[in-house]
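The values are calculated or read from the model by the stated rules, or taken from the named source; none is laboratory data. Quick caveat, the model's predicted, so the values are computed rather than measured. FYI the Cβ positions are ideal-geometry reconstructions off the backbone, even for glycines, and counts take in every protein chain you see.
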Amino acid sequence: MVGLSELAAYSDRLLSVESFNDYCPNGLQVEGRADVKTLIGGVTACQALLDAAIEHQADAVLVHHGYFWKGENPCITGMKQRRLATLLRHEISLLAYHLPLDAHPELGNNVQLARVLDLTITGTAGGNQRTPGLVMLGELPDPLPGHAFAARLAARLSRTPLHIAGHDAPIKRLAWCTGGAQSYIEQALDAGADAFLTGEASEQTVHFARENRLHFFAAGHHATERYGAQALGTHLAEHFGLNFIFVEIDNPV
Ligand SMILES: [Zn+2]
C-alpha cells in the first residue's frame, strides 16, 4: 500500500513530467481515496475501464489517455459527467501520463513496442516543438520484406495492420511512433528509414508513402499503445507492493 500523493509524486518524477509541454495535464487528474493498494491499468480512461476498476475494488486507475484535453469543451456534461461521477462516487483516483509515457526511455510506449517487435533502438528523430525526439529509430536485426514484417505485426499485436508497400528491398531501418503519429512520416523519410510504423493513418499518408517508396504500417492506435501503461503499472506494483491489473478494453482503431 502507498499514499496517493507519494504514488503520484514518484510517478511524476520517474516520467519527468515537468519537462513536457503536453496537450493535457500529466499525473493525478482526479483525486480519490488517500491510500492505494489496487491499481487498474488501461490505455484510455473510458467508462468500461472505470467499471472494471469498480469490479476489482481498485483505488486508482492508471492510463495513457486521461481527460481534460486542450481545446475540448470544459463543461462537465454527458459522457464526461458520467465518467467523473463514477470516479468521484467510488473515490477512485485517475493518474494519466500522455507524452511522458510515450517517450520514457525504459517504460515508454515507443520503447516497449520495440521490445514486442524485436526492434533494436538506434536513436530518435523529429517529434514536434513541444517534444523533440518522439520518433524512434531502429533496426530489424533480421531484415524482412514488407509483407513479412506486416505478418510479424499481425502476430505480435493480434491485429492485421494496414500496410502501404514501399520499395522492394528488405526492411532494415525502421522509424516508429505509437498512437496517432502519422504526420511524422516525413521525419521517418528524412531519417533514412525503409519503413514507418505508427497506430493510425490519414488519407494523405498513403500517397506520401507510395510516392516516396517508404513502407508504411498503421497497426492501431490502441494496439501500439498498450505496453507503456503495462510497463509503468508493473514497475509501480513492484516498487510499492501494489496489486496491479491491466485491463484490455479492445479498440479496433
Ligand atoms: Zn495515444
What is the one condition in (1) in contact with a Phe, Trp or Tyr (Cβ under 8 Å, 6 or more places away or on another chain); (2) surrounded by fewer than 20 Cβ atoms within 10 Å (Cβ to Cβ); (3) farther than 30 Å from Asp59 by Cα that Glu200 does not satisfy? (1)
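If a residue counts only when it is more than 16 Å from the ligand (Cβ to nearest atom) and either under 22 Å from the mean Cα position of the chain (by Cα) or at pLDDT below 95 (or both), which helices (runs of 4 or more DSSP H) contained entirely in segment 150-237 have at least 1 such residues? Break it down into steps so the answer makes sense when it comes.
Details: elements: 185-190, 203-212, 221-224.
Filter on segment 150-237 gives 185-190, 203-212.
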Note on Ala231: of the conditions (1) assigned by TED's automatic domain parsing to the domain that holds Gln112; (2) out of contact with any strand residue (DSSP E or B) (no Cβ under 7 Å at 6 or more places or on another chain); (3) crowded, with 17+ Cβ neighbours inside 10 Å, unmet is (1)
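Looking only at residues in segment 91-111 that are in a loop (DSSP other than H, G, I, E, B) and in contact (Cβ under 8 Å) with a residue 40 or more places away in the chain, which one is surrounded by the most Cβ atoms within 10 Å (Cβ to Cβ)? I'd like the intermediate steps shown before the answer.
As a first pass, look at segment 91-111 and keep what is in a loop (DSSP other than H, G, I, E, B): 91-92, 97-98, 104-108.
If we keep only those that are in contact (Cβ under 8 Å) with a residue 40 or more places away in the chain as well, we get 91-92, 97-98, 104, 106-108.
Values: Glu91: 13, Ile92: 23, Tyr97: 30, His98: 22, His104: 21, Glu106: 10, Leu107: 22, Gly108: 24.
Here the residue is Tyr97.
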Picking from Phe208, Phe240, which residue would you name as being assigned by TED's automatic domain parsing to the domain that holds Cys46 and not aliphatic (A, V, I, L, M)? Phe240
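Sort out which residues of segment 20-55 are part of a strand (DSSP E or B) and within 14 Å of Ala85 (Cα to Cα), and write them in order of number.
Result: Gln29, Val30.
Being at pLDDT 95 or above, in the same structural domain as Ala181 (by TED's automatic domain parsing), more than 16 Å from the ligand (Cβ to nearest atom) and surrounded by 15 or more Cβ atoms within 10 Å (Cβ to Cβ) is the requirement here; does Ala114 meet it? Write out each step before concluding.
Numbers: at pLDDT 95 or above: yes; in the same structural domain as Ala181 (by TED's automatic domain parsing): yes; more than 16 Å from the ligand (Cβ to nearest atom): yes; surrounded by 15 or more Cβ atoms within 10 Å (Cβ to Cβ): yes.
So Ala114 fits the description; yes.
Could you please let me know if Ala58 is part of a loop (DSSP other than H, G, I, E, B), buried (at least 22 other Cβ atoms within 10 Å of the Cβ) and touching a residue at least 12 places away in the same chain (Cβ under 8 Å)?
Details: part of a loop (DSSP other than H, G, I, E, B): yes; buried (at least 22 other Cβ atoms within 10 Å of the Cβ): yes; touching a residue at least 12 places away in the same chain (Cβ under 8 Å): yes.
So Ala58 fits the description; yes.
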Among the numbered criteria (1) surrounded by fewer than 16 Cβ atoms within 10 Å (Cβ to Cβ); (2) within 16 Å of the ligand (Cβ to nearest atom); (3) at pLDDT 95 or above, which single criterion is violated by Tyr67? (1)
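Does segment 152-159 include one or more residues that are on the phi < 0 side of the Ramachandran plot and among the polar types (S, T, N, Q)?
no
Can you say whether Ala218 is touching an Asp or Glu at 6+ places or on another chain (Cβ under 7 Å) and either in the same structural domain as Lys37 (by TED's automatic domain parsing) or surrounded by 23 or more Cβ atoms within 10 Å (Cβ to Cβ) (or both), as far as the supplied structure shows?
Numbers: touching an Asp or Glu at 6+ places or on another chain (Cβ under 7 Å): yes; either in the same structural domain as Lys37 (by TED's automatic domain parsing) or surrounded by 23 or more Cβ atoms within 10 Å (Cβ to Cβ) (or both): yes.
Judged against the criteria, Ala218 is a match.
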